[in-house]
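The values are calculated or read from the model by the stated rules, or taken from the named source; none is laboratory data. Because the structure is predicted, anything quoted here is derived from the model rather than measured. Cβ: placed from backbone, ideal geometry, glycine included. Neighbour counts: every protein chain shown. For accessibility, only protein heavy atoms count, side chains too; no ligands or nucleic acids. Shrake-Rupley method; radii C 1.70, N 1.55, O 1.52, S 1.80 Å.
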Amino acid sequence: MTDPERVLTLFAVSRTLREATATTLEAAHELTERVAHYAVGGTRAAVHHLDGRNTIADHGAAILYVPTGSDLTLLPEGDGALVFTVDETTLEAWGDGYTSRGQTYADLFAQPGWQASEFRRALWRRWFSVDDWSRAESVNG
């Protein structure tokens, strides 16, 4: 049996934000109007996965995923948003305009600041409030 907590941890530890284009929040927002698909990540996606209410902390830098091939060269430098390119298949798989739960957690793991840590901890508590072996016993018992 695969332990989802370990899988998520291994995925999160491998995440880096180095390939992001750092820009202003306004420029990232304008970029969403020019691309066909996009997905929001980071603290904003965490709020989505926590039922849409932010009871955790102020948001950190926004994280935005846009299709591979999007022109990011004109984005002004800034620290309000991190923009990544990703293939269309991934954007379609995310579907609801937010990164997957695993991707959200990994991004928060890699993002500096106490806010990202607090959102990450809230997600962990929500998803892993019951140990796997307890779940297995209740199914098999």
Looking at ASP107, is it of a type outside the set (A, V, I, L, M) and more than 13 Å from the chain's Cα centre (by Cα)? no
Kindly establish whether ARG120 is open to solvent by 70 Å² or more (accessible area, probe 1.4 Å), of a type in the set (D, E, K, R) and either more than 16 Å from GLU33 (Cα to Cα) or at pLDDT below 95 (or both). no
Could you give every pair whose Cβ atoms fall below 6 Å, whose first residue belongs to the range 86-99 and is touching a residue at least 12 places away in the same chain (Cβ under 8 Å) and among the hydroxyl-bearing types (Ser, Thr, Tyr), and whose second residue is in a helix (DSSP H, G or I) and open to solvent by 60 Å² or more (accessible area, probe 1.4 Å), counting only separations of at least 6 or pairs across chains? TYR98/HIS48
Out of the range 113-123, which residues are in contact (Cβ under 8 Å) with a residue 24 or more places away in the chain and either within 15 Å of VAL47 (Cβ to Cβ) or outside any helix (DSSP H, G or I) (or both)? GLY113, GLN115, ALA116, GLU118, PHE119, ARG120, ALA122, LEU123
How many residues are out of contact with any strand residue (DSSP E or B) (no Cβ under 9 Å at 6 or more places or on another chain) and open to solvent by less than 20 Å² (accessible area, probe 1.4 Å) when one looks only at the range 51-83? 1
Within the range 26-34, does at least one residue satisfy the condition of being at pLDDT below 95 and β-branched (Val, Ile, Thr)? no
Requiring at least 3 residues that are over 22 Å from ARG126 (Cα atoms), the strands (runs of 3 or more DSSP E) wholly within the range 38-111 are 62-67, 81-86
Could you please find all residues in the range 11-37 being free of Cβ contacts under 8 Å to residues at least 40 places away in the same chain, in a helix (DSSP H, G or I) and open to solvent by less than 30 Å² (accessible area, probe 1.4 Å)? THR32
